[in-house]
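Below you'll find the structure, written out as structure tokens, and then a few comments.
The values are calculated or read from the model by the stated rules, or taken from the named source; none is laboratory data. Remember, predicted model here, so these are calculated numbers, not experimental data. Glycine gets a Cβ as well: all are built from the backbone with ideal geometry, and neighbour counts include every protein chain shown. Surface accessibility is based on the protein's heavy atoms, side chains included, excluding ligands, DNA and RNA. Shrake-Rupley method; radii C 1.70, N 1.55, O 1.52, S 1.80 Å.
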Amino acid sequence: MTAQYTGLAAAAEKVKLIAAEHAAEADATRRLAPEVVEALREAGFARHFVAAGRGGSEGTFAELTEAVLTVGQGCSAAAWCASLSAFSSRFAGLLPEQGHDEIWASGPDTFVVTGLPPMGKGAKVDGGHRLGGRWTYVSGVDFADWALLCGMVGEEGRFFAVPRKDFTVLETWDSVGMKATSSHSVVMDDVFVPSHLSFDRAALITGTSWSPVPSHNVPFQAVGGLTFAAPAVGAAMGALDACVAVLSGKKQSVTSAVDLVRASGQVESARLLVQQNAKVLDDREFTPAAMARNERNGAYAAEVLVDAVGGLVRAAGTSGLAEGAALQRFWRDVVSCSSHVALRYETASVRTYPASLYG
């Protein structure tokens, strides 16, 4: 498909600078500064996959990926929230049209967050469902306007869109990396959700929607961890910049030079893999082989990036591990990103990629 650029990638440069300025503070306070949240909103991450008829951008996966990489060089947590805000709005695109009317009633920049695992339980009632449960690791929930939460209704999984006033946030996120993603827990108790704010989980898995927007009709497997891999790559790019800043002007040993060269190649290779994944999505190459490769790419990129940032820390030495140093923050963040279940071989690609090789 022909790329329709929205200006998001260019706007991300400004977000990167603002996020970098507040990155150390975000790491210390465990939340993004209001200035960063507003910069993400203004840049257009939340509206990127929203229908043009709702004021959205109907952007491409490629442009979003480039924008997330850029923000990641300034602040990993900001890039993570940028990516998830866009992909969560894409999920919300699967709601019935009346649901679009409600979520985007005030404009396309609504921040939606997602609880993908079916951790809640719903019961069908007249006009909709009643929903309760506790969902963990709901990233960006500190500044969410809506939450899209998955629950079981009997044997069927369904997603439910819930406004901020109807759920409680428990501050449970205490990871040593990606501290400012606000990946806390969401709790609800017997909340009514009307039918127009719900859709069948199968629609997300298969990528089938009434919506004519191409990005709303993408099989879940095809995404292949791109949502989480792109912020990790951006963070590793930031780590490379931070390492170069530490080493610049110093006498460099052969060992540290080798570590630097190897890590730079690993970061670049991971970047090329996530760009390949985005191209598959924009070209709508939803063959079993291409989708399995996307899953493999995500898991492999995560593995390579952990090795890369470890090499950058070795190359920089003690200077890079100072508590206020950007390098150690990026190092922790990449390791944390790469632990996500969507980026692990055993959950992301072992079942599909070998089968694609065997035909």
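Each of ALA292, SER253, ALA308 was placed along the dipole of the chain (beta-carbon charges, centred on the mean Cα), and the one lying farthest toward the positive end is SER253. Maximal additional length on extending the ARG262-LYS121 stretch stands at 45.9 nm, based on 0.36 nm per residue less the C-alpha distance.
With +1 on each Lys and Arg Cβ and -1 on each Asp and Glu Cβ, and nothing else charged, work out how big the dipole of the chain is about its Cα centre, in Debye to the nearest 20.
On the way: 30 positive and 37 negative charges, 141 e Å.
Rounded to the nearest 20 debye, it is 680 debye.
Remark: spin-label model distance SER269-GLN252 equals 2.0 nm, labels positioned 7 Å along the Cα→Cβ axis. Between helix 226-247 and the chain there is an angle of about 20 degrees, using the helix long axis and the longest principal axis of the Cα atoms.
Between the helical axis of 254-283 and the longest alpha-carbon principal axis of the chain there is an angle of about 20 degrees.
Taking the longest Cα principal axis of the chain as reference, the axis of helix 288-316 is set at about 40 degrees.
Pull out the extension gain between ASP166 and VAL244, defined as 0.36 nm times the separation in residues minus the alpha carbon to alpha carbon distance; nm, one decimal.
Values: separation 78, 0.36 × 78 = 28.08 nm, distance 4.71 nm.
Roughly 23.4 nm would be gained on extension.
Remark: segment 58-64, residue by residue, has Karplus-estimated 3J(HN,Hα) of 6, x, 9, 5, 5, 5, 4 Hz, where x stands for each Gly or Pro and the curve is 6.51 cos²θ - 1.76 cosθ + 1.60 at θ = phi - 60°. Considering helices alone, the calculated mean residue ellipticity of the chain at 222 nm is -16500 deg cm²/dmol, with DSSP H runs of length four and up weighted by -39500 (n - 2.57) and normalised per residue. Simple spin-label estimate for ASP174 and GLN276 gives 4.1 nm between the two label positions (7 Å along the Cα-to-Cβ direction from each Cα).
Over the chain, accessible surface divided per residue gives 41 Å², non-protein components excluded, 1.4 Å probe.
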